[in-house]
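Here's the structure we're looking at; comments come further down.
The values are calculated or read from the model by the stated rules, or taken from the named source; none is laboratory data. Note that the coordinates shown come from a computational prediction; the quantities given were computed from them, not determined experimentally. Here the Cβ positions follow ideal geometry from the backbone for every residue, glycine too, while neighbour counts run over all protein chains shown. For the accessible areas, the whole protein counts, side chains as well, though only heavy atoms, and no ligand, DNA or RNA atoms are used. Shrake-Rupley method; radii C 1.70, N 1.55, O 1.52, S 1.80 Å.
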Amino acid sequence: MLSREIKERLRGLPTPFYLYDMQLLGRTLDAIRAEADRDGYKIHYAIKANNDERVLGAVLERGFGIDCVSGNELRLIRRLGFPAEGIVYAGVGKNDEEIELGVKEGIRAFNCESRQELQVIDQIAGQLGLRARVALRINPDVDPQTHRHISTGQADSKFGISYREIEQVADELPSYKNLDFQGLHFHIGSQITDMRVFEFFCRRVNSLVEWFSEKGFPLGYINMGGGLGVNYDTPDSEPVPDFSAYFDAFRRNLDVSAVAGGDVEVHFELGRAAVAQCGELISRVLFNKINSAGNEVVIINASMSELIRPALYEAYHEIENLDARPGSLRRPYIVAGTACESSDVFASGRELPELRRDDLVTIKTAGAYGASMSSRYNMHALPRSVYSDQL
Ligand code: LLP
């Protein structure tokens, strides 16, 4: 909830922009740190959720590593001073140039998604006269019970090494001359809110760990990916996700004792849960009108170019009129953006207090996959960031 004072300061700023609550970000990251430290879990913040440099600064301050997925992400985090030792690199399609960069940087692990990728990394490392640390991203075939567009660990998905190829991949591992095999990586999907999904997932991983151990592979690295969901429906009631329940699911169900010899590091790659609630997209009402079906349409000056989640996944985001007049009755609105696309609608039939031209409107829970997925469609400028501690 923004204070009256902050709202007054926002009023003079050109819209749209992302507003980051730096204090909430800090509290959220501290909560992750405290819970993860109980078990010595290693955290790599998934930079794809939000690559804002101040956000990354807060992540770096707490000593988290990074999960990256492109050469540009890798270059950015190295420039900001993240140590190579804490960087893991996922992604189904890594370019040769990106692999070369990761090998030269000596990152903690490439999370490899195919047999061919292993061959290419081995070859590139060989040409560079270097060694590369790799983990196998296995597709465990677990239904994350989330939106189909953000499910990544089911049998029919493009991600990871499938059960069909796992045997062959394992058999070939010893033949790579320039790879140091670390262990296993998984990521089953995003916006997962039912902890039973993670419990089931842990049991799957236990059996895979056992299978690899029986084959004689020492596993020092088990990476369980990210996926913890946040409360989009009533964000003010849960600004910091329940990290205790999340890590508890792993603490109770992930049994890495099956691993032969040595210490096993358990890694996580949280993105959304770390940053979603600290960011909101602030825009302004441009126009009101009524469509032929009799619906009240309000056009705000943000669009799918700045926040694509509603258009892409029909995602729900809380919307608030920051200039709501006392006693104003709520009524149903279609809240739409400026883009020339019918899907550019932030909410339909949403009950909101009266919205008038120039009212400031906030779209909440936009800190994750908001700015990082923005585009220049319709030649919009990329959205600016405003930070609560600089207002
Ligand atoms: N690790 C890997 C390998 C991933 O692919 C992802 C997210 C994460 C970690 C972080 O997952 P998280 O903790 O954020 O759930 N654009 C979508 C979300 C796509 C997630 C892609 N992968 C959205 O706006 O809902």
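Of everything in segment 363-391, what is assigned to a helix (DSSP H, G or I) and either over 24 Å from the mean Cα position of the chain (by Cα) or loosely packed, with under 15 Cβ neighbours inside 10 Å (or both)? Give them in sequence order. First the steps, then the outcome.
Let us first name the residues in segment 363-391 that are assigned to a helix (DSSP H, G or I), namely 371-373, 377-379, 388-390.
Listed by number, the residues that qualify are N378, M379, D389, Q390.
Report whether or not G63 is under 23 Å from I188 (Cα atoms) and not assigned by TED's automatic domain parsing to the domain that holds A366. Steps first, please.
Values: under 23 Å from I188 (Cα atoms): no; not assigned by TED's automatic domain parsing to the domain that holds A366: yes.
Judged against the criteria, G63 is not a match.
Condition test on G189, is it within 16 Å of the ligand (Cβ to nearest atom), buried (at least 22 other Cβ atoms within 10 Å of the Cβ), within 27 Å of T365 (Cα to Cα) and touching a residue at least 24 places away in the same chain (Cβ under 8 Å)? Walk me through how you get there before you give the answer.
Details: within 16 Å of the ligand (Cβ to nearest atom): yes; buried (at least 22 other Cβ atoms within 10 Å of the Cβ): yes; within 27 Å of T365 (Cα to Cα): yes; touching a residue at least 24 places away in the same chain (Cβ under 8 Å): yes.
Spelling it out, G189 is indeed within 16 Å of the ligand (Cβ to nearest atom), buried (at least 22 other Cβ atoms within 10 Å of the Cβ), within 27 Å of T365 (Cα to Cα) and touching a residue at least 24 places away in the same chain (Cβ under 8 Å).
Can you work out which of the residues in segment 61-84 that are assigned to a helix (DSSP H, G or I) and surrounded by fewer than 19 Cβ atoms within 10 Å (Cβ to Cβ) is farthest from the ligand (Cβ to nearest atom)?
So in segment 61-84, the residues assigned to a helix (DSSP H, G or I) come out as 61, 71-79, 84.
With the extra rule that they be surrounded by fewer than 19 Cβ atoms within 10 Å (Cβ to Cβ), the set shrinks to 61, 71-72, 75-76, 78-79, 84.
Details: E61: 20, G71: 16, N72: 16, R75: 19, L76: 17, R78: 19, R79: 22, A84: 18 Å.
Filtering first and then ranking leaves R79.
Go through (1) buried (at least 16 other Cβ atoms within 10 Å of the Cβ); (2) within 16 Å of the ligand (Cβ to nearest atom) one by one and return the number of the condition L312 breaks.
Of everything listed in (1) buried (at least 16 other Cβ atoms within 10 Å of the Cβ); (2) within 16 Å of the ligand (Cβ to nearest atom), L312 misses just condition (1).
Condition test on A324, is it out of contact with any helix residue (DSSP H, G or I) (no Cβ under 7 Å at 6 or more places or on another chain) and open to solvent by less than 20 Å² (accessible area, probe 1.4 Å)? Spell out the reasoning first.
Numbers: out of contact with any helix residue (DSSP H, G or I) (no Cβ under 7 Å at 6 or more places or on another chain): yes; open to solvent by less than 20 Å² (accessible area, probe 1.4 Å): no.
In short, no.
Give segment 20-60 a look and list any residue that's away from the ligand (no atom under 16 Å from the Cβ), hydrophobic (A, V, I, L, M, F, W, C) and either closer than 17 Å to A368 by Cβ or modelled with pLDDT under 95 (or both), or say none.
M22, L24, A58
Tally up the residues in segment 340-362 that are in contact with a helix residue (DSSP H, G or I) (Cβ under 7 Å, 6 or more places away or on another chain), within 26 Å of V275 (Cα to Cα), open to solvent by 10 Å² or more (accessible area, probe 1.4 Å) and away from the ligand (no atom under 16 Å from the Cβ), please.
Number satisfying all stated conditions: 1.
Kindly provide the set of residues from segment 150-190 that are assigned to a helix (DSSP H, G or I), in contact with a strand residue (DSSP E or B) (Cβ under 9 Å, 6 or more places away or on another chain), over 19 Å from F200 (Cα atoms) and not small (G, A, S), ordered by number.
I166, V169, L173, P174
Among what's in segment 124-164 and is more than 25 Å from the chain's Cα centre (by Cα) and loosely packed, with under 15 Cβ neighbours inside 10 Å, pick the residue that is nearest to V209 (Cα to Cα).
Checking each candidate, the answer is Y163.
Is it the case that some residue within segment 63-79 is among the basic types (K, R) and touching a residue at least 60 places away in the same chain (Cβ under 8 Å)? Talk me through it step by step, then tell me what you get.
Taking segment 63-79 first, the residues among the basic types (K, R) are 75, 78-79.
Now narrow it down to the ones that are touching a residue at least 60 places away in the same chain (Cβ under 8 Å): none.
No, segment 63-79 contains no residue that is among the basic types (K, R) and touching a residue at least 60 places away in the same chain (Cβ under 8 Å).
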